1. How high is the FRET efficiency from Asp245 to Ala415, r the C-beta distance, R0 41 Å, rounded to 0.05?
2. Longest segment of the chain with no chymotrypsin sites (Phe, Trp or Tyr not before Pro) in a DSSP loop having at most 11 other Cβ atoms within 10 Å?
3. With a 10 Å Cβ neighbour count serving as the proxy for reagent exposure, in which order, fewest first, do Ser350, Ser18 appear?
4. How big is Rg to Rh over the stretch 179-383, alpha-carbon atoms, Rh as the Kirkwood inverse-mean-distance radius?
5. Return the loop-located trypsin sites (Lys or Arg not before Pro) in the stretch 256-327 (DSSP other than H, G, I, E, B) with at most 11 other Cβ atoms within 10 Å of their own Cβ; answer none if there are none.
6. Sum up the charges of everything whose Cβ sits under 11 Å from the Cβ of Ala157, counting Lys and Arg as +1 and Asp and Glu as -1, but leave Ala157 out.
7. For the stretch 1-63, which GluC sites (Glu not before Pro) pass both filters: DSSP loop (anything but H, G, I, E, B) and at most 11 other C-beta atoms within 10 Å?
8. Return Ile165, Ile107 ranked ascending by Cβ neighbour count within 10 Å, so the fewest neighbours appear first.
Amino acid sequence: MSEKKTIFVISDHPMAPSGVGTQTKYVIETLLKTGRYRFVCFGGAVKHPNYEPQNITDEAWSPGDWIVYPVDGYGTPAQVRSVLWTEKPDILWFMTDPRFYPWLWQIENEIRPNVPMVYYHVWDNYPPPKYNAKWYRSTDVIASISKVTHNIVSKVAPEVENHYIPHAVDEKIFKKLDKEVVEEFKETNFPDHNDRVIFFWNNRNARRKQSGTLIHWFNKFAEEVGPENVCLVMHTDPKDPNGQDLEEILKDFDIADGRIVLSRDKMPPEGLSLMYNMADCTINISDAEGFGLSTLESLSCGTPIIVNMTGGLQEQVTDGEEWFGIGLEPPAKALIGSQQVPYIYEDRLSEEQVVGALRSFYNMSPEEREEMSEKGIRHVRENYNFEKFKDRWIELVDDVVERLGSWETRKGYKAWEIKEIS
């Protein structure tokens, strides 16, 4: 490739702190550093103070190689058409749940004759969603974020090219830190919690994340072992309109006494690494979770996890032989849905399970926790290695550019098919 190829990205804003935004940023930065690509992005899923194009600069790439256009939602067909015909990109790369992209797939007949579509696919659970088959078949290449997602795509649309590329975290940031550094951070930010076992929850305050349920169940556990001995730090927006009013819950339940602490301020990755290191255990009891980036970050920092065995969480907590925390098998699978998503399982845990897991971890010896910590770090390095993640994306994108082409060199796409009519 003699000149830089252009990749058109549609996703969460790559500077947003969401898991989708973070992984999008990792992919973009990786490809920029090869010197072979430039990016035009729609920065979606956030509120924008203005809609001026943003030039993301760094000494690792040339000025103008990464432009972000703020959009509402994830953009519109008209905005996509504008970028296609003004920028003439070589690939359209998009990411997140397919619920947000029917409008994009509905114009694939305008896109794919000229540009291959590469989809980094997020899906939470079974049963295999046959209603997504038409979308999968409207895509050139799918990269699946978890083993669950990869298996689902393989069952629903086996003819579609499908790669397993799980999320990864930067191990230079999310790592086990010196004890003195962590103790100083704790003393500065949580001076009243030095002698407590700290559980950490880092998620968006949204319904499926079960934030209110976790508070309720953690309080039962705290009353059992003594609220002065434990703490749940919840790093989230307690007033998120998509979730519960967590401040009101703490006030009305009369538990705003330090057993549960709300961490409201946004933090850079280095700050989050300190939070994971400060915690003894990270917990995620979501009833559906495509991957669950916070628990992977936690494991990378050497902090074990307690998770629902749903979505990508189940492959993080165990490799099938060793355990890197406590995995809870959901005793109930509710088949829920909507007009857009006719059916999908919600994996629901019980109070007894979660309180029991908290109790089990609390009663572990320091030696048991340390052994679990070291195993978790090795698990991340071996199975979610950041360098391998970057290499796989470079290999895949290079291959798509060379093999499928774009515009005058476009290959591998037919706008028609032959069917036998009986």
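Bear in mind these aren't lab numbers, they're just calculated from the coordinates by the rules spelled out. Model, not experiment: these values are computed from the prediction. A quick note on method: Cβ atoms are made from the backbone with ideal geometry, for glycine too, and the neighbour counts reach across all protein chains shown.
1. Efficiency, rounded to the nearest 0.05: 0.20.
2. With chymotrypsin sites (Phe, Trp or Tyr not before Pro) excluded where exposed in loops, the chain gives 52-415 as its longest stretch.
3. Lowest count first: Ser350, Ser18.
4. 0.95
5. Passing both the DSSP loop test and the Cβ count: Lys266.
6. Neighbourhood net charge equals +2.
7. Here the GluC sites (Glu not before Pro) that fit, given the DSSP loop and packing criteria, are Glu3, Glu59.
8. Ile107, Ile165
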